[in-house]
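Undergrad: Before I ask anything, let me first share the structure, which is written out below as structure tokens.
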Amino acid sequence: MSDTAPVVPSAMVKCLVWDLDNTLWHGTLLEDGHVVLSEAIREVVVGLDARGVLQSVCSRNDHDLAWARLEALGVADYFVVPEIGWGPKSEAVGRIAERLNFAPGTIAFIDDQPAERAEVAYHLPEVRCYPAQDAATLLDRPEFSPRSVTVDSRQRRKMYQAGFRRTDEQARFTGSNEDFLRSLDLVMRIGRATQDELSRVEELTLRTSQMNATGVHYPDEALRALLARPGYEVLVTTLTDRFGPHGAVGVLLLRKYEEAWHLRLLATSCRVVAFGAGTIILNWLVDQAARAGVHLLADFRATDRNRMMEIAYRFAGFEEQPCDCRGPAPGRAGEDVQLLHLVPERRAAPTTARLIAPDLGLRA
């Protein structure tokens with residue numbers, strides 16, 4: 001049982017951080033010289049990876065020796081942003097969360113030593129901590145078991161690894177940020193969601209908190225119902241570059257009225273904030289509304305995580321101002337939901353990415 005997890009976890013685990021000695025493997029590397037990875041633990045590592053749960057390492061060990069052993073055991077590639085050294089484990093787990101841009105509440109930590117788990121739990125109380133004897137049970141736990149496993153889930157680790165290579169190249173790049181983005185050969189596609197894509201859209205609303213305009217999570221059945229309702233658009237955004245796919249990075253839920261389009265939800269992946277994905281999506285939507293001759297309304301509910309999304313809306317020109325076009329917009333779910341407004345004007349195409357998107361004035 002988790003040392004810190006509630007009976008019903010508040011969020012799915014996005015990353016499991018493994019201790020090594022007597023947790024991931026049997027034995028103590030610096031004492032035994034030879035450690036063994038059981039087939040049961042290997043199954044857990046492979047199984048979590050297939051579900052889209054990232055995994056990392058936090059271990060008191062000699063880095064080169066430990067990493068060489070992980071490679072020899074054939075599992076090194078499953079672990080991202082490893083922290084192998086001698087400092088406090090809470091600091092190492094914090095650095096892992098920071099590098100992945102994950103909230104502590106989506107991180108789990110497993111270690112055979114109660115003192116190590118207690119130290120992490122004290123400094124990072126949102127991190128869920130598990131004793132090593134629970135390792136073989138993790139695949140059966142709800143917090144590690146997404147309701148659906150999408151194409152994006154199965155390649156999540158590889159997408160993050162490509163992202164780190166992309167970041168390394170950017171660090172060596174000598175031109176401007178816009179020049180670097182252009183060098184990536186970015187291609188953004190915005191399209192009407194198909195039945196097969198809805199699980200990817202649901203996953204994005206579940207996993208995204210920093211760039212979710214309302215904090216609302218839409219289950220699969222609600223999304224499927226919206227697909228069938230006249231006047232609704234369920235749009236999914238994907239992004240690729242020369243390093244590979246970023247997967248599904250954005251979702252828009254739009255209600256179209258005669259005088260106004262109501263953006264009920266915009267959520268984008270935190271992974272593509274640096275690429276200006278939210279700005280590109282919003283500018284495209286504003287341009288579409290201008291071409292259609294309608295105003296734009298947008299729901300926004302401030303949370304403790306989505307300040308960046310509020311900035312994106314304000315920068316795009318959305319404001320709280322009265323307008324007759326607000327009339328048809330349905331009642332909002334709670335007084336804390338702001339209804340923002342924009343009189344759209346045509347917007348230029350993006351200069352850092354090739355955009356492939358539908359004409360919202362035409363229904364597929």
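The values are calculated or read from the model by the stated rules, or taken from the named source; none is laboratory data. Small disclaimer: the values here were computed from a predicted structure and weren't measured. Please note: Cβ atoms are built from the backbone with ideal geometry, for glycine as well, and neighbour counts cover all protein chains shown. Just the protein is used for accessible areas: all its heavy atoms, side chains included, with ligands, DNA and RNA removed. Shrake-Rupley method; radii C 1.70, N 1.55, O 1.52, S 1.80 Å.
Undergrad: Could you tell me which of the residues ARG147, ARG128, ARG157, ARG141 is open to solvent by less than 20 Å² (accessible area, probe 1.4 Å), over 13 Å from LEU24 (Cα atoms) and touching a helix residue (DSSP H, G or I) at 6+ places or on another chain (Cβ under 9 Å)?
TA: ARG128 is the lone residue from the list that is open to solvent by less than 20 Å² (accessible area, probe 1.4 Å), over 13 Å from LEU24 (Cα atoms) and touching a helix residue (DSSP H, G or I) at 6+ places or on another chain (Cβ under 9 Å).
Undergrad: Of VAL151, VAL120, which residue is at pLDDT below 95 and within 22 Å of SER56 (Cα to Cα)?
TA: Going through VAL151, VAL120 in turn, the sole match is VAL151.
Undergrad: Shifting gears a bit: Do we have any residue at all in segment 81-97 that's of a type outside the set (Lys, Arg), surrounded by fewer than 16 Cβ atoms within 10 Å (Cβ to Cβ) and within 30 Å of GLU221 (Cα to Cα)?
TA: Looking for residues that are of a type outside the set (Lys, Arg), surrounded by fewer than 16 Cβ atoms within 10 Å (Cβ to Cβ) and within 30 Å of GLU221 (Cα to Cα), one finds none in segment 81-97, hence no.
Undergrad: So, in segment 18-69, of the ones that are under 17 Å from GLN113 (Cβ atoms), modelled with pLDDT of 95 or more and hydroxyl-bearing (Ser, Thr, Tyr), which residue ends up surrounded by the fewest Cβ atoms within 10 Å (Cβ to Cβ)?
TA: THR23
Undergrad: Collect the residues in segment 299-310 that are more than 14 Å from GLN338 (Cβ to Cβ) and surrounded by fewer than 15 Cβ atoms within 10 Å (Cβ to Cβ), keeping them in residue-number order.
TA: Answer for segment 299-310, where residues must be more than 14 Å from GLN338 (Cβ to Cβ) and surrounded by fewer than 15 Cβ atoms within 10 Å (Cβ to Cβ): ASP304, MET308.
Undergrad: Filter segment 112-125 down to residues that are open to solvent by less than 70 Å² (accessible area, probe 1.4 Å) and in a helix (DSSP H, G or I), then give me how many there are.
TA: Of the residues in that region, 6 qualify.
Undergrad: Within segment 178-190, how many residues turn out to be open to solvent by less than 80 Å² (accessible area, probe 1.4 Å) and in a helix (DSSP H, G or I)?
TA: 4
Undergrad: Mind listing whichever residues of segment 69-117 are in contact with an Asp or Glu (Cβ under 8 Å, 6 or more places away or on another chain), aliphatic (A, V, I, L, M) and more than 11 Å from VAL17 (Cα to Cα)?
TA: Result: ILE84, ALA103.
Undergrad: Looking at segment 270-286, I want the residues that are buried (at least 23 other Cβ atoms within 10 Å of the Cβ) and have a partner that is in a helix (DSSP H, G or I) with Cβ atoms under 6 Å, at least 6 apart or on another chain. Which pairs are those?
TA: So the pair list comes out as GLY278/ALA312; LEU282/ALA316.
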